[in-house]
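Everything on this sheet refers to the single structure shown next.
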Amino acid sequence: MRLLRTALVTLTVLALAATVGLTAGLVGHHRDTTRAAASSTDPRGAAAANPAAIADASSLVSTLQARLEVTPKDQRSWSQLALAYAEQGRITADPTYYPKAQAAIARAAHLAPGDSVMLAARATLQAARHDFTGSLHSAEQSLRVNPFNAQAEAIRCDALTELGRYAEAPGAAARADDLDPGSSTFARLSYQRELRGDLADATALMRRSLQAAGTSAPSYAFAAFHLGDLAHQAGRPATAMRWYRAALGADPTYLPALDGVARLEVARGQTAAAVRDYRAVVTRLPLTEYLVELGELYQTIGRPALAEQQYAVATASARLLAANGVAVDLETAQFQADHGSPAAALSAARGEWARRHSISSADALGWALYAARRDASALRYARLATRLGTRDARAIYHLGVIEAALHRPGARSDLLSARRLDAGVSPYRETRITAALRGLR
């Protein structure tokens, strides 16, 4: 679920760029959608494709910097520069671009503190740093200046969702779609249905997102990838694999799709291929989620030293993110609960819950409480994490394990449901589900 939120922020960056004239470089070169997905079969494919996108973003930054040398009071160019830096951070997974984006926003705000585009750009950067309360505030400021700013409304939808204000988020998504319907708005509407377990409507809306992507390779890849995830949740792994490969065919740099391929390769027993593709992903995009998946795979195939290497990189990556203003308590809580200190997990999870009451933060707090052997308290949050009916295998697995520890009657059903939703994808999780089921017998 966290991946979709990040991707939606990216689509907002692209749309904002178009709004202010940032159409060259930030969106990137159009790629032939029939091009073979080299990165799905050759780990060099993903690594080799990224430099062009990085060069595009770097070129755009250079162009804007040159423009600002001549016209330093052009507040819109400062907002554009901030978005370009944010895009560089996304492409490279390097959070050191975020302080640069923040400095550019500050210049734009100094020149035009009430500019709607500047405020929407600030909201986008705040969302990228997981400051969703700040992002919501900035988006609403932007809308007060310009009630018809579709991108500000889209960012507002994302912030409401991440803050756990689920009753309000669909209205914001619908209004953004009314103001400027397109690939990103259909994706947001799809996500609202997915959160509530309505895979049929979510899939129909994501297909509309795919159709609206047109010749934009990144938008097409985004929609195809999420159609793959929806198919996976619906128990159609072969269809999911086709969508992941379609995403890579459109944009070989779209590494979430390669991660999807790797996860299904694990389910098929193609361990060597999965390790190869996971390594390609984490080399270019060292996100905690991907590093932990690879580490857990290494654990299950008897390579603990390599697993510990991935966990060490995940820890270092989280520290770098935090040092550059990104809130990482959610990821820290999840990682520490499974592979580190229960006390550290609980501290991080409580910090995250204090900031937002989303299903993700509820899941993290419930699992951290379970790791700290506080099963009765854990159950409350595990139930909150699954209250919308989201078909999230990890959250349902956590609920089932906690219920099993308390000998609750729903434990077996939830454990089996978690297994069906993500069959074979995580051998590490599968081992723990099996152990919990044996304990029930």
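The values are calculated or read from the model by the stated rules, or taken from the named source; none is laboratory data. Everything quoted here is computed from the prediction, not taken from an experiment. Note that each Cβ is placed from the backbone with ideal geometry, even for glycine, and that neighbours are counted across all protein chains shown. These accessible areas exclude ligands, DNA and RNA; they are computed on the full protein's heavy atoms, side chains included. Shrake-Rupley method; radii C 1.70, N 1.55, O 1.52, S 1.80 Å.
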**Report entry** Whole-percent carbon and sulfur share, accessible surface of the chain, 1.4 Å
**Finding:** 53
Report summary line: Once Gln65 and Thr215 are pulled to full extension, the length gained, defined as 0.36 nm per residue separation minus their Cα-Cα distance, is 51.1 nm
Query raised in the report: How far is helix 132-145 tilted, in degrees, relative to the longest principal axis of the Cα atoms in the chain, given as a value from 0 to 90 rounded to the nearest 10?
Result: 30
**Report entry** Efficiency of FRET between Ala167 and Ala272 - r from beta-carbon atoms, R0 45 angstrom, step 0.05
**Finding:** 0.45
Query raised in the report: Between Arg432 and Ala106, what is the FRET efficiency for a Förster distance of 51 Å, r being their Cβ-Cβ separation, to the nearest 0.05?
Result: 0.60
Query - Dipole axis of region 209-286 (+1 Lys, Arg; -1 Asp, Glu on Cβ), positive-most option in Ala240, Leu285, Leu210 - result: Ala240
Report summary line: When the charge dipole of region 226-352 is computed with +1 on Lys and Arg Cβ and -1 on Asp and Glu Cβ about the Cα centre, the Cα farthest towards its positive end, among Thr300, Ala349, Ser317, belongs to Thr300
Query raised in the report: Relative contact order for region 115-190 using alpha-carbon pairs under 8 Å, separation at least 6, rounded to a whole percent?
Result: 25
Report summary line: The relative contact order of the chain, taking Cα pairs under 8 Å that sit 6 or more residues apart, comes to a percentage of 14
Query raised in the report: Just how far, in whole angstrom, is region 355-369 from region 90-107 if you go by their alpha carbon centroids?
Result: 28
Query raised in the report: Quick one: how many Å² of Arg107 are accessible to a 1.4 Å probe, rounded to 10?
Result: 110
Report task. May I ask you to rank Lys73, Lys100 by accessible area, largest first, using a 1.4 Å probe over the protein chains only? Result -> Lys73, Lys100
Report summary line: Rounded to the nearest whole number, the per residue volume of the convex hull around the C-alpha atoms of the chain in Å³ is 125
**Report entry** List His137, His339, His407, ordered by accessible area with a 1.4 Å probe, largest first
**Finding:** His407, His137, His339
Query raised in the report: Which of rounded, prolate, oblate describes region 359-423, given a ≥ b ≥ c as roots of the alpha-carbon gyration tensor eigenvalues and a/c under 1.5 marking rounded, otherwise prolate only if a/b is larger than b/c?
Result: oblate
Query raised in the report: Roughly how big is the chain's charge dipole about its Cα centre, with Cβ charges of +1 (Lys, Arg) and -1 (Asp, Glu), in debye to the nearest 20?
Result: 820
Report task. Could you tell me which of Val61, Ala333, Ile433 has its Cα farthest along the dipole of the chain towards the positive end, charges placed at Cβ (Lys, Arg +1; Asp, Glu -1), taken about the Cα centre? Result -> Ile433
Requested in this report: With everything on Cα atoms, drop me the angle between helix 43-70 and the longest principal axis of the chain, reported from 0 to 90° to the nearest 10.
Outcome: 30
Query raised in the report: For Asp422, Asp198, what's the largest-to-smallest order of accessible area, 1.4 Å probe?
Result: Asp198, Asp422
Query raised in the report: With every protein chain present, what is the per residue accessible area of region 288-365 (1.4 Å probe, Å²)?
Result: 40
Query raised in the report: Taking Cα atoms, how many degrees apart are the long axis of helix 288-300 and the longest axis of the chain, rounded to 10 and kept between 0 and 90?
Result: 30
**Report entry** Mean accessible surface per residue for region 70-223, computed with a 1.4 Å probe while every protein chain stays in place, in Å²
**Finding:** 36
Query raised in the report: At a probe radius of 1.4 Å, what is the per-residue accessible area of Glu153, in Å² to the nearest 10?
Result: 10
